[in-house]
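One structure is given below, encoded as structure tokens.
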Amino acid sequence: MELHEYLQDPRTDCPRDSHRWQMIFRLTCQMVPNKLVAVRILKDLWAFRSFGLTMRRDHNGIKFAPTIRKGWAWETMEDYEDMRRRYLAPYTEEIKILVRKVEEETD
């Protein structure tokens, strides 16, 4: 895939938070100073979104919420947590900053 394709939400069937995903993809490229790290985070977030990760706002802000379903990428919460630890946890600080920026700029 071309890098610009990662800026589009792969889950057009989930429009409720699509604007947040497009924003976090764009912000990743703009705000993460190390471009190699930015591309890695962008691709990982894009993959997690394509697997069914959503962004939900509650009284504490925006949180990631996986879709847990038999026959999907994550059949159990443990499946999701394992992948989250392997792919997203190394970039926790960068992702927190990005999510905070999305919180500030979206409803």
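Worth pointing out:
- 19 Å cut-off, amide nitrogen to a point 7 angstrom out along ALA65 Cα→Cβ, residues in the range 1-25: 10-24
- Using the Karplus relation 6.51 cos²θ - 1.76 cosθ + 1.60 with θ = phi - 60°, the per-residue 3J(HN,Hα) values for the range 29-46 come to 5, 7, 9, 7, x, 7, 5, 5, 5, 4, 5, 4, 4, 4, 5, 5, 4, 4 Hz, with x marking Gly and Pro.
- Pairwise FRET efficiency - HIS19 versus TRP72, Cβ, R0 = 22 Å, nearest 0.05: 0.40
- Estimated inter-spin distance, GLN30 and ARG86, nm [label 7 Å along Cα→Cβ]: 3.3
- Order of exposure, largest accessible area first, which applies to ASP17, ASP107 with probe 1.4 Å: ASP107, ASP17
- Value of relative contact order over the chain, rounded to a whole percent, pairs C-alpha under 8 Å and six or more apart: 24
- Expressed as a whole percent, the accessible surface of the chain that belongs to carbon and sulfur atoms is 52, based on a 1.4 Å probe.
- The slack in the chain from GLU2 to ARG100, taken as 0.36 nm per residue of separation less the alpha-carbon distance, amounts to 32.6 nm.
The values are calculated or read from the model by the stated rules, or taken from the named source; none is laboratory data. Only a predicted model underlies this, so the values are computations on that prediction, with no experimental measurement involved. Ideal geometry is used to build each Cβ from the backbone, glycine not excepted, and the neighbour counts take in all protein chains shown. Only protein heavy atoms, including side chains, enter the accessible area calculation; ligands, DNA and RNA are left aside. Shrake-Rupley method; radii C 1.70, N 1.55, O 1.52, S 1.80 Å.
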